[in-house]
Amino acid sequence: MASPHTAVHGGSTTAQLYAQALQHAPDNPAIVSGDKTLTYAELAHRSWQTVRVLQQQGLQRRDTVALLIGNRMEAIIALIAVHWLGLRYLALHPLASQEDHCFVLEDAEVKALIADTRQHAERAEALRSSVPLVVTLDDTRSGPGLINLAEKQDGTPLELPDDPSEISKLAYTGGTTGRSKGIRHTHRTAVTLVMQALAAYEWPDTPKYLVTTPISHAAGSLLIPVFLKGGTVYLMEKYSSAAFFEHVQKHRINLSFLVPTQIYGLLDDPAPDQSDSTSLELVLYGAAPITPVRLAQALGKFGPVFGQIYGQAEAPMTICYLSPKEHDLMQPHRLQSCGRPIPGNQVQLLDANLSPVPVGEIGELCVRGPLVMDGYLNRPEEDAKVFEGGWLHTGDMARADAEGYLYLVDRSKDMIITGGFNVFPSEVENCLAQHPQVAISAVIGIPHEKWGEEVTAIVVLKPDAECDEHEIITYVTEHKGVVHAPKKVIFTDQLPLTAVGKIDKKTLRARYWSVQNRQIN
């Protein structure tokens, strides 16, 4: 039980928000996936049944459970059950390598892995030796799955976790040291995100939310707000531009979340001229910077329905927001902005001495408030750096105009954003350092029309070594996963160095970014 002080001032937990959301309209459709529909009452009942299965598997409140899932209604049921049992939720990146998954499972001391074997059967089997318990959604040769087992259970509600100070989620982000870091989020972060999203976004009266990206990441953060508004979640297991337009027209979708590369694909698909997408009222986008020219094209095609969100894993989704009405083609410079801070967040642009920079000058975007993480898991030295001066240092460099709009111009952290995913070059470089033919490498992002940035490896081979681009790409894919794999490999005899002998990334980047007016894409 929470302490009396927490009970008075602590607010809700994620579990309580889900329970509150599922009570309002029991007969309304909550989730639609293909030809299957779950009402709110059915979703709540099946989630409580799943809670009991997890209890029978020996899981207890505050245990850490990893989910490797796709966009299925059964996955959402499992996710809700995890929160209702008071477990710590950790989403495994669906495109990460086995090596990275093993590291995360060990680093977070995960007690159980819940796996969607319809999409991740091979990986789930490979991870069995890395975690005490593997629970599959579907039946396997090892036994019945979570779906089957839950059907025989009691669906009566139990007491919900009520301590908002508990860690509710661990999220892993890449690290400049070559290993990802576990981010500790209490219920405070999740509840703040929901409250800020509900207050800031221009929600349809009854959302019809089309999920196009993994629910294990940013798209999943919109589930609670949609349910609280009595809306319906429509799941796409596999995204394509054609399928997006088909879903929008068939179901009169009025809400979605897209990454910029998806928006580019919609613009390049001929379907907009042949299908009806006029039902769209709000299309949130984020996870990577968007090209202003392409954004203007999207506004011309779909109208003023786009809202840009800005956040990062340490302060997710709702640091800043650029609303649809602020996507003003009469002020084209505004299309380069990530918006203004959402009320409840303190945001400052700070110089190296932690002093605010003047309007128009570039500083590091720093934030404080209830949205910010508790810190990294077992990384006190990293906490000291990222919280220096009492601010969360995002690593993003930005400038502000006189009206308070923020414009990202570069990143202080050596990070690439490609297709909405974060890639730390050091992780790829550490991987390539183990290749028997590679002497040294430098990994940078270069502008790409579709992906925003293209992971590019500039490689110096060992004397007399023979290796081609395909071999390098395959090697990184096998050891780090497809997201980290270079899209391009450039072989060279030497890399430029700084005066102190470090690889001069600035010089390398300048060859490809010199025509850009900002150092992100």
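The values are calculated or read from the model by the stated rules, or taken from the named source; none is laboratory data. Everything quoted here is computed from the prediction, not taken from an experiment. In this analysis, Cβ positions are derived from the backbone assuming ideal geometry, glycine residues included, and neighbour counts consider all displayed protein chains. Protein only, heavy atoms only, side chains kept; ligands, DNA and RNA dropped before computing areas. Shrake-Rupley method; radii C 1.70, N 1.55, O 1.52, S 1.80 Å.
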Quiz item: Whole number please: convex hull volume per residue of the Cα set in the chain, in Å³?
Solution: 161
Quiz item: Accessible surface of PHE302 in the full protein assembly, 1.4 angstrom probe, to the nearest 10 Å²?
Solution: 30
Self-check item: Virtual spin-label span in nm between THR173 and GLU381, 7 Å along Cα→Cβ
Solution: 1.9
Quiz item: So what is the accessible area of segment 206-309 per residue, in Å², with the probe set to 1.4 Å?
Solution: 33
Quiz item: Amide H of ARG88: which non-local residues (sequence gap of 5 or more, or other chain) have their own amide H closer than 5 Å, using H built in the peptide plane?
Solution: ARG62, ASP63, THR64, VAL65
Quiz item: Between ARG61 and ALA126, what FRET efficiency follows from the Cβ-Cβ distance if R0 is 41 Å, with the result rounded to 0.05?
Solution: 0.90
Exercise. Run through the DSSP bridge list for segment 273-414 and note the antiparallel percent, rounded to the nearest 5.
Key: 90
Quiz prompt | Gain in span if fully extended, ASP154 to GLU202, counting 0.36 nm per residue against the direct Cα distance | solution = 13.4 nm
Quiz prompt | All-pairs Cα distance distribution in segment 54-170, expressed in whole percent, bin size 5 Å | solution = 2, 11, 24, 25, 21, 11, 5, 1, 0
Quiz item: Roughly speaking, what is the stretch gain from LYS450 to GLU246, that is 0.36 nm per residue apart minus the C-alpha to C-alpha distance, in nm to one decimal?
Solution: 71.2 nm
Self-check item: Fraction of accessible area attributable to carbon and sulfur, segment 1-123 (%, probe 1.4 Å)
Solution: 46
Practice problem: Please list the non-local residues whose amide H lies under 5 Å from the amide H of ARG411, H modeled 1.01 Å from N, same-chain partners needing a gap of 5 or more. | Solution: MET397
Quiz item: Can you list residues whose amide H is under 5 Å from ILE31's amide H, if they're 5+ apart or on another chain and H is modeled 1.01 Å from N?
Solution: LEU38, VAL233
Exercise. Could you look at segment 352-434 and say what percent of its accessible area is carbon and sulfur, using a 1.4 Å probe and all protein chains?
Key: 51
Practice problem: Return the Cα extents of segment 294-449 along principal axes one, two and three, sorted largest first, each rounded to a whole Å. | Solution: 54, 38, 27
Practice problem: Please give the solvent-accessible surface of MET195 in Å², to the nearest 10, using a probe radius of 1.4 Å with every protein chain present. | Solution: 90
Quiz item: If ASP269, ASP468 are ordered by their accessible area, calculated over protein heavy atoms with a 1.4 Å probe, which sequence runs from highest to lowest?
Solution: ASP468, ASP269
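Quote the Stokes-Einstein diffusion coefficient, in whole µm² s⁻¹, for segment 283-379, based on the Kirkwood radius over alpha carbon pairs, a temperature of 25 °C and a viscosity of 0.890 mPa s.
Once the numbers are plugged in, D ends up at 165 µm²/s.
Could you work out the mean projected area of the convex hull around the alpha carbons of segment 217-314, in square nanometres to one decimal?
Numbers: hull surface 25.8 nm².
Average projection, Cα convex hull of segment 217-314: 6.4 nm².
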Quiz item: Given segment 149-274, what percent of its DSSP beta bridges are antiparallel, to the nearest 5?
Solution: 50
Practice problem: At 1.4 Å probe size, with no ligands or nucleic acids counted, give the accessible surface of GLU478 in Å², nearest ten. | Solution: 130
Self-check item: Approximate spin-label separation ASP464-ASP276, in nm, with each point projected 7 Å along Cα-to-Cβ
Solution: 7.2
Quiz item: Whole-Hz Karplus ³J(HN,Hα) for segment 118-126, in order, using 6.51 cos²θ - 1.76 cosθ + 1.60 and θ = phi - 60°, x for Gly and Pro?
Solution: 5, 10, 10, 4, 5, 5, 4, 5, 5
Practice problem: List, largest first, the extents of the alpha carbons of segment 253-301 along their principal axes, each in whole Å. | Solution: 28, 20, 15
Practice problem: Compute the length gained on full extension between THR477 and ARG511: take 0.36 nm times their separation in residues and subtract their Cα-Cα distance, giving the result in nm to one decimal. | Solution: 9.6 nm
Quiz prompt | Distance violations [Cα-Cα > 27 Å] among LYS229/LYS325; LYS111/LYS208; LYS238/LYS301; LYS36/LYS480; LYS480/LYS506; LYS301/LYS488 | solution = LYS111/LYS208; LYS36/LYS480; LYS301/LYS488
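Would you work out what percent of the accessible area of segment 264-327, with all protein chains in place, is carbon or sulfur (probe 1.4 Å)?
Its accessible area is 53 percent carbon and sulfur atoms.
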Self-check item: Förster radius 45 Å - calculated FRET efficiency between LYS36 and SER165 (Cβ-Cβ, nearest 0.05)
Solution: 0.75
Self-check item: DSSP bridge pairs, the chain: antiparallel proportion in percent, nearest 5
Solution: 60
Exercise. Take the alpha-carbon positions of segment 134-253, form their convex hull, and give its projected area averaged over all directions (one quarter of the hull surface) in nm².
Key: 12.1
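Order of 109-115, 356-362, 31-37, 482-488 by packing, highest average Cβ count within 10 Å first?
Highest to lowest by the protection proxy: 109-115, 482-488, 31-37, 356-362.
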